[in-house]
Structure formats: structure tokens, C-alpha cells
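Participant: After the C-alpha cells below, expect a handful of questions from me.
The values are calculated or read from the model by the stated rules, or taken from the named source; none is laboratory data. Keep in mind the model is a prediction, meaning the values are calculated, not measured. Neighbour counts are summed over all protein chains in view; Cβ atoms, including those assigned to glycine, are modelled from backbone coordinates with ideal geometry. The protein model used for the area step is the full one, side chains on, heavy atoms only, and it has no ligands, DNA or RNA in it. Shrake-Rupley method; radii C 1.70, N 1.55, O 1.52, S 1.80 Å.
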Amino acid sequence: MKQPILYIIIPCYNEEAVLPITSGMFLDKINQLAGEGKISPDSRILLVNDGSKDKTWEIICDLARKDEHFLGIAQSRNRGHQAAVLAGLMEAKDKCDITISIDCDGQDDINAMDRMVDEYLGGCEVVYGVRSSRDTDTFFKRFTAEGFYKLLAWMGVEVVFNHADYRLISSRVLQEFANYKEVNLYLRGMVPLVGFKSTSVYYERHERLAGESHYPLRKMLALAFDGITSLSVKPIRMVFFVGLLIMCLSFLGILWAVIAALMGKSVAGWASLACIVCFMGGVQCLFLGVIGEYIGKIYLEVKGRPRYIISDRTWDEDD
Ligand code: UDP
Ligand code: MG
């Protein structure tokens, strides 16, 4: 079997502190795997600059100048982690046989790539990197993240438990994945939809080597909410069933009120009435919000704006 060409896809946003450290680690990994004959020497590291405001792009250009294993593309502005990974994957899909996407901060164990490539050579087209433990996360992050995976599964979204965006995907799968045109991106929920033979490898997740996380609670919640509403219509269905339940209960209430009136025992109670009216007002607004969220998604999908725009490359497209 011919050695596969590997492209490592790395999104970078304001990573001038960590990129000089980790870029060498990625290069060593490529050289080691190529030395062992597992991948082709033509393998590359594709750094995706996601509209950084610091010196990240200069560092990437510098790396590309010094070593042919480094390639770089730049998004025209900051579009977020998911769009950056997608841009890298789509850029690479016609140039290589396999891609591995990984963050640039050294949190994910680079050595798990060996096992990922082994699994690919053994016939798997998608290999998910799964965290074996979350010891380095704070209790809060661990609790919310694991709860979120359970919630997603309950909503009928197929996700791999404790898998983030560290994964190997073959170019064959990427060709099919390119037909998923949605603009609301949640890659870890979309990739399993494509199918093909897949497996998981387990690794320890470390602390960030340098710099700061770009995923504060606000962004984490937004991504979680996006994940659910992009991949599941269960919330709308729940709105329907809760509405049905409230309707049945009210019907019982009406029966009771009529019978009581007929028996001459009319019901007193302004307070209870006011409570019920307010409660129903609240429920209706909440449910309108849920439906509105989906309409907002449809609005974005219908416009079909580009999911990423590449403004620069470290190589000449004509070559
Ligand atoms: N990232 C990106 N665009 C963004 C935010 C983050 O490309 O708008 C990249 C970032 O450079 C890193 C990866 O996404 O390689 C994960 O981000 P981070 O480490 O800040 O998130 P955390 O690991 O804390 O969840
Ligand atoms: Mg990180």
C-alpha cells in the first residue's frame, strides 16, 4: 500500500505565545511518522490563521518560508474555531489522503496521532480522539461538558462522548462531507452523519502550554446551544408535547369549574387566576423563543453566506 499523505489541520487565533513552541512538536511528529514509513514524506502541517490580531500570521509565514512542511492559509476575518477547521479541511481534501485536525495549544496529546494513523492503515476512515480523563479541567468545566454530551445524546444527536475536534478524517470521507452545505457548523455532530467505518483512540488532555483559552463560558454555552438546535428538532417537539399536556390539564380545570358552578359552589380566587395567566404568558414566550431560534437558523441557512473566505495562502495557487 502506498504511504498516505497526511495533512495536520491546525486552527490558530491569537496564538503568538504558543505557536513557536508547538509548531516544532508537530514537525517532529510528521518527520517521525514519515521516518517510520507510516505516512508519505510529502505530508504537511496546514496552519489556519483565523483572523488573529497579533503576530500569528507573521509566525506562520515565517515557518512556511523556513520549512516546506509548513503551509498556511488565512481567513479574511475571525470566524470562529469551527469555520477555521472547516476551511483547513476543505483546502486539504484534494491534496492529501488523510487529515488530522488538532488545536494548536498542545492540550491534545500529539502522540495519539500514531494510533490514529495505525487505525487508518487498518481500514478506518474516521478516527475520533477521545479524552480518557478530564483531570486537568476544572470541576465546573468537567461537569458542564459531560452533562452537555448526555443532553445531546438525549436530544437524539449522535456524538462521540468526550470527543472534541481532534480527529482523523480520510479524504474520501471529506469529499462526501463537502456536500453538507449548512452554515451553522457543529463539526463533531456532523462528521458522524457521514458514516464510513470509524473508531476512537483515547488520550490524556493536558493544560494549555501557553497563552489563554478563547472559550469562556459564554462561548461554550453558545456552541452548546448551537449544537443542539443545528442537529436536533427535539426542542420543538417538546414544545408541542408540553403544550398538549397543559391543554389537557386546563380541560380538567374547565370541567371542574363548570361542575362546581352547576352545584352552586362557584369558585373564588383572583390570585390563582392571575397566577395561571402569568404562567401561561411565560410558557408561550419561552416556546416562541424556541421556535424563533429555529427560524433564525433557517434565516441564516437560506442566505447561504460563505462559511469561510480565504484571503491569503503561503504558497502560490498556480504552482
Ligand atoms: N480558535 C480559532 N478561532 C477562534 C477561537 C479559537 O481558530 O475564534 C482556535 C485556537 O487557536 C485553538 C483552538 O481553536 O487552536 C481551541 O481554542 P482554545 O484552546 O482557546 O479553546 P479551549 O481548548 O480552551 O476550549
Ligand atoms: Mg485549548
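Participant: Using 1/(1 + (r/R0)^6) with R0 = 41 angstrom and r between the beta carbons of SER266 and VAL290, what's the FRET efficiency to the nearest 0.05?
Facilitator: 0.65
Participant: Assuming 0.36 nm per residue, please report the length gained on full extension of the stretch LYS2 to VAL277 beyond their Cα-Cα distance.
Facilitator: Gain on stretching LYS2 to VAL277: 92.0 nm.
Participant: Something else about it: Extending each Cα 7 Å along its Cβ direction at LYS234 and GLU212, get the distance between those two points in nm, one decimal.
Facilitator: In this crude label model, LYS234 to GLU212 measures out at 3.5 nm.
Participant: Would you mind checking the pairs LYS2/LYS66; LYS2/LYS197; LYS141/LYS197 and listing those with alpha carbons more than 23 angstrom apart?
Facilitator: LYS2/LYS66; LYS141/LYS197
Participant: Something else: Which value, in Å², gives the accessible area per residue of the chain when a 1.4 Å probe is used on the protein heavy atoms?
Facilitator: I get 53 Å² per residue for this part.
Participant: Binned at 10 Å from 0, what are the whole-percent values of the Cα-Cα distance distribution for the stretch 101-164, short to long?
Facilitator: 18, 42, 33, 7
Participant: I've got another one for you. Determine the principal axes of the Cα atoms in the stretch 1-84, then give the extent along each, sorted from largest to smallest and rounded to whole angstroms.
Facilitator: If we take the Cα atoms of the stretch 1-84, the spans are 42, 23, 18 Å.
Participant: Compute and list, largest first, the equivalent-ellipsoid semi-axes of the chain from the alpha carbon gyration tensor, each √(5λ) rounded to a whole angstrom.
Facilitator: Values for the chain, descending: 49, 20, 19 Å.
Participant: Could you give each residue of the stretch 230-245 its phi-based ³J(HN,Hα) in whole Hz, using Karplus coefficients 6.51, -1.76, 1.60 with θ = phi - 60°, and x for Gly or Pro?
Facilitator: Karplus-based 3J(HN,Hα) across the stretch 230-245 equals 7, 10, 9, 9, 4, x, 5, 5, 5, 4, 4, 6, 5, x, 4, 4 Hz.
Participant: If you roll a 1.4 Å probe over the stretch 79-156 with all protein chains in place, what percent of the accessible area is carbon or sulfur?
Facilitator: 54
Participant: Enumerate the amide H contacts of GLU15 below 5 Å, restricted to partners 5 or more residues apart or on another chain; note that Pro and chain-start residues carry no placed amide H.
Facilitator: It is THR56, by chain and number.
Participant: Additional query: Would you please name the trypsin sites (Lys or Arg not before Pro) within the stretch 1-89 that are DSSP coil residues with at most 13 other C-beta atoms within 10 Å of their C-beta?
Facilitator: Answer in residue order: LYS2, LYS53, ARG77.
Participant: Report, by chain and number, residues whose modeled amide H sits under 5 Å from the one on ARG307, excluding near sequence neighbours (fewer than 5 apart, same chain).
Facilitator: none
Participant: Using the Karplus curve 6.51 cos²θ - 1.76 cosθ + 1.60 with θ = phi - 60°, what ³J(HN,Hα) values do you get for each residue of the stretch 54-66, in whole Hz, with x for Gly and Pro?
Facilitator: 9, 8, 3, 5, 4, 5, 4, 4, 5, 4, 5, 5, 7
Participant: Take the chain, connect every pair of alpha-carbon atoms lying under 10 Å apart with a spring to form a Gaussian network, then pick out the residue of SER213, SER266, SER250 with the largest mean-square fluctuation.
Facilitator: SER266
Participant: With the cut-off at 1.5 for a/c, could you classify the stretch 111-242 from its C-alpha gyration tensor as rounded, prolate or oblate?
Facilitator: Since a/c reaches 1.5 but b/c is at least a/b, the shape of the stretch 111-242 is classed as oblate.
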